[in-house]
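Read the structure below first, then the notes.
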Amino acid sequence: TNHKGQSVEQPGDVQKVLDACGADAPFVLLEAGQYWAAGHDARMAYLRFRKSVRLVHIKDLDVQGRSVPFGTGVSPLPAFLSELARSGYAGHVVVELELKDTPERDVERLLAEGRAKLAEWLGAPVTA
């Protein structure tokens, strides 16, 4: 997995890990939001590693790279999700909503709004 500010942040870092593992290379957890936060194109990373990607994490980010409710940020989620669908991705997509200090009473509403936005982008229902 890739994470902003960690030793495996850029697509090239992921490639080094896969190359070092050789035939025993692990599957890839693609953290789309982490790529975007670090200024990288998650769509291109997916295309590069798609044969190894088995799990994708997504989140919406503001211009400072902070997690925000889905549909309110600047992450290119519709294009990214379209690429997953177009390419036949069959793995799971984990929806991350990291809103520090969000009152508990708002969490269910934000999750429901996020599911609705994702369903709109995907043109299909989203299950929990």
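The values are calculated or read from the model by the stated rules, or taken from the named source; none is laboratory data. All values reported here derive from a predicted model rather than from experimental measurement. Reconstructed Cβ throughout: ideal geometry from the backbone, glycine too, with neighbour counts over all protein chains shown. Just so you know, the surface numbers come from the protein's heavy atoms only, side chains and all, with ligands and any DNA or RNA stripped out. Shrake-Rupley method; radii C 1.70, N 1.55, O 1.52, S 1.80 Å.
What the table shows:
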read-out	value
Interchain or long-range residues, amide H under 5 Å from Val94's placed H	Val56, His57, Ile58
Mean Cβ count within 10 Å, highest first, over the residues of peptides 67-80, 111-124	67-80, 111-124
Tail weight of P(r) past 23 Å, computed on alpha-carbon pairs of the chain, percent	32 percent
Percent of beta bridges antiparallel (DSSP, the chain, rounded to nearest 5)	20 percent
Rounded accessible area per residue of the chain, 1.4 Å, Å²	60 Å²
Formal net charge of residues neighbouring Val107 (Cβ-Cβ distance under 14 Å; K, R +1; D, E -1)	-3
Amide H contacts of Ser75 (H built 1.01 Å from N, under 5 Å, at least 5 apart or other chain)	Leu61
Portion, in percent, of the accessible area of the chain that falls on carbon or sulfur, probe 1.4 Å	52 percent
Segment Glu96-Ala23, extension gain: residue separation times 0.36 nm, minus the distance between their alpha carbons	23.2 nm
Loop trypsin sites (Lys or Arg not before Pro), region 31-105, which have at most 11 other Cβ atoms in a 10 Å radius of their Cβ (DSSP)	Lys51, Lys100
Summed residue charge, Cβ within 12 Å of Leu47's Cβ, Lys/Arg positive, Asp/Glu negative	+3
Subset of Lys51/Lys117; Lys16/Lys51; Lys59/Lys117 violating a 22 Å alpha-carbon distance limit	Lys51/Lys117
Spacing of the two label points (7 Å from each Cα toward its C-beta) at Ala112 and Arg50, in nm	3.6 nm
Radius 14 Å from Cβ of Leu97, net charge of other residues (Lys, Arg +1; Asp, Glu -1)	-3
Residue-averaged [θ]222 nm for the chain, counting only DSSP H segments that reach four residues, each worth -39500 (n - 2.57)	-13000 deg cm²/dmol
